[in-house]
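Structure, as structure tokens:
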Amino acid sequence: MEFKNIVATIYLKDGRAVKSREDFTPAGDIFQKAKIYNDCGVDKIFIFDLSEDDDEHEKNLQTIKDLNHILEIKVCAGGNIKRFEDIKKFFYAGCLQVILNGSKPNSIELAQEASKRFGKDRILVSVENVNFIFKNKEAMEENFHEMLVLNKKMLDAVENMTSIPSIIVVDEYDLEEITGILQRDFVRGVTGKFVAEMDEEIMLLKTRLSERGIRMVNFTSALKWSDFKLNSDGMIPVIVQDYRTDEVLMLAYMNEEAFYNTISSGKMTYYSRSRGELWMKGETSGHIQYVKSLTADCDYDTILAKVSQIGAACHTGKPSCFFNPIVKKEYIEKNPLKVFEEVYGIIKDRKEHPKEGSYTNYLFEKGIDKILKKIGEENTEIVIAAKNPNPEEIKYEISDYLYHLMVLMAEKGVTWEHITQELSKR
């Protein structure tokens, strides 16, 4: 039995999020919302471009591209697709799937071309009536990976007409109804307004669905509370790290209730020894910690939690609780990514705050053609050095090349995070 999905939906108008296809009321900070979806347990995001002309379409595409830079979950986009080129633009904006509108007369023709070029698993279709399925059943099953069913009243008819897995729109939260829908074999997931309304509780919803026999992608602990070696207070210390940077954020304690609440909700929950009560991090401040992983140490007496931190971890407003220096020995940083980020940071600072006599500023002042010329020259030097048996020369030339590459990255607004995110998708 495959996992069932909870899918979020974002509607874009003029580059910003709006409430629905019909209601263009602003729906808040789209990037903040997307970050919550990314961390709270949502399995996929549908993004619909509601543009009415090419200029607005390009603006929405740029927003989708920017969103894909921060998202780690699957993104499927659609809207204003008139030709095959429009499908390619969504893929080039970083989407893993594209959704076609079944009510458009050329949707099957576009699907045939797109599935042949990009693969059937990347092409979806939205359907609002059974006539489309009836008329195109064979072509649909050949060219569509998944179907978005816009009207849940179609469920029985859809089930009898096609084997294409479906995502069903369910606007109101009703646990019994959602359970019943997900129990159908052809249903792969649900979406609707209720996802936006309970986004911080998605993991808890998945836990409830799992308890009802629905297979969900959620946390199931490999250890029982009795497996841990507890301290004299019957608790276990938890070291908390940022899952991206590995920065240590804080130290707190869990009792049994806090541990299982963390597993079921997907949000870090602790026990306050001073207040004598359970507390979910960010419950009042909004500085929630979404769980990415929990790992026990060799003695089973400490937990390492890697989290996505919203806001600041420390009650003082500092990003981390560990900011009071005691002693420090200077050392040469050799962590590759940290070195790249540090050098890139210096280059970016030179661009923003020019320094007289700086070679980096000289490159920025001369412009893109000079930067590209230097990259070409350094690339040639690498080729020449590679023919030399001395490995020191090629290390030197690659370092030169990477420096000039970072100048180009800073000039074009590309960061190492953008690069690593793109590489991770390949």
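The values are calculated or read from the model by the stated rules, or taken from the named source; none is laboratory data. Here the structure is a predicted model, which is why all the values come from computation and not from measurement. Backbone-built Cβ (ideal geometry, glycine too); neighbour counts: all protein chains shown. The accessibility values were calculated without ligands, DNA or RNA, using every heavy atom of the protein model including side chains. Shrake-Rupley method; radii C 1.70, N 1.55, O 1.52, S 1.80 Å.
Miscellaneous remarks
- Top-ranked residue in segment 269-290 [being hydrophobic (A, V, I, L, M, F, W, C) and touching a Ser or Thr at 6+ places or on another chain (Cβ under 6 Å); ranked as most open to solvent (accessible area, probe 1.4 Å)]: TRP279
- Residue count for segment 95-111, restricted to those that are open to solvent by less than 20 Å² (accessible area, probe 1.4 Å) and either part of a helix (DSSP H, G or I) or of a type outside the set (Val, Ile, Thr) (or both): 7
A quick yes/no check of all residues on (1) open to solvent by 60 Å² or more (accessible area, probe 1.4 Å); (2) part of a helix (DSSP H, G or I); (3) closer than 21 Å to TYR359 by Cβ; (4) out of contact with any strand residue (DSSP E or B) (no Cβ under 7 Å at 6 or more places or on another chain):
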| site | (1), (2), (3), (4) |
| --- | --- |
| ASP369 | yes, yes, yes, yes |
| GLY376 | no, yes, yes, yes |
| LYS395 | yes, yes, yes, yes |
| TYR403 | no, yes, yes, yes |
| VAL407 | no, yes, yes, yes |
| ALA410 | no, yes, yes, yes |
| GLU417 | yes, yes, no, yes |
| LEU423 | yes, yes, no, yes |
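- Residue among SER399, SER320 that is exposed (fewer than 15 other Cβ atoms within 10 Å of the Cβ) and of a type in the set (Ser, Thr, Tyr): SER399
- Residue list for segment 23-60, filter: in a loop (DSSP other than H, G, I, E, B), in contact with a helix residue (DSSP H, G or I) (Cβ under 8 Å, 6 or more places away or on another chain) and open to solvent by 60 Å² or more (accessible area, probe 1.4 Å): none
- Qualifying residues in segment 209-239 (those that are closer than 13 Å to ILE6 by Cα and open to solvent by 50 Å² or more (accessible area, probe 1.4 Å)) - the one nearest to the chain's Cα centre (by Cα): VAL217
- Segment 69-90, residues that are under 23 Å from ILE36 (Cα atoms), open to solvent by 10 Å² or more (accessible area, probe 1.4 Å) and not aliphatic (A, V, I, L, M): HIS69, GLU72, LYS74
- Selection count, segment 225-278, where residues are more than 14 Å from GLN289 (Cα to Cα) and assigned to a strand (DSSP E or B): 8
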